[in-house]
Amino acid sequence: MENLTTRKGWMSLLAKAPAPALTALWETQKAPPGFEWLRPPETGGVMIRGRMGGTGAPFNVGEMTVTRCALRLESGEVGHAYVQGRDKAKARIAALIDALMQTARADALREAVLEPLAESHRAARSARAERAAATRVDFFTMVRGED
């Protein structure tokens, strides 16, 4: 799972988080600080690339819609967000959290927002793995004792 103490970890979690859960956890926080947009939320497409077997030559799988934004807090920290889909509010919240994770509020924010999101993500992955395991078929060969 993501390391919530690194920017890569919390950015990954914020990008994957369901918008309703992220919004609900964000609304429990004290009033957001003032900020200015460096890049207001905008929606566009990105090309998704894959590799056959994970190591083969890259190929284009298709396009995905993303929303991105960047902002600067009044204290100077810059936050960025790239989220799947067209949810501009989710992108704004993710960028605010990214910027605030670079301030003294990082520990409180990690405990109140990021850790519950991470636990929810782990539970969803575990449930998905259990459903997949229920359909697993083990093939084996019986030895009949003949040569």
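Structure above, values below:
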| read-out | value |
| --- | --- |
| Residue that is nearest to the chain's Cα centre (by Cα), among those in the range 13-33 that are under 18 Å from Thr103 (Cα atoms) and surrounded by 10 or more Cβ atoms within 10 Å (Cβ to Cβ) | Leu14 |
| Residue count for the range 27-63, restricted to those that are closer than 17 Å to Lys90 by Cα and of a type in the set (Phe, Trp, Tyr) | 2 |
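Read the figures in this text as sums done on the coordinates, not as results from a lab. This is a predicted model, so every value here is computed, not measured. Here the Cβ is made from the backbone with ideal geometry for all residues, glycine too, and neighbour counts use every protein chain on show.
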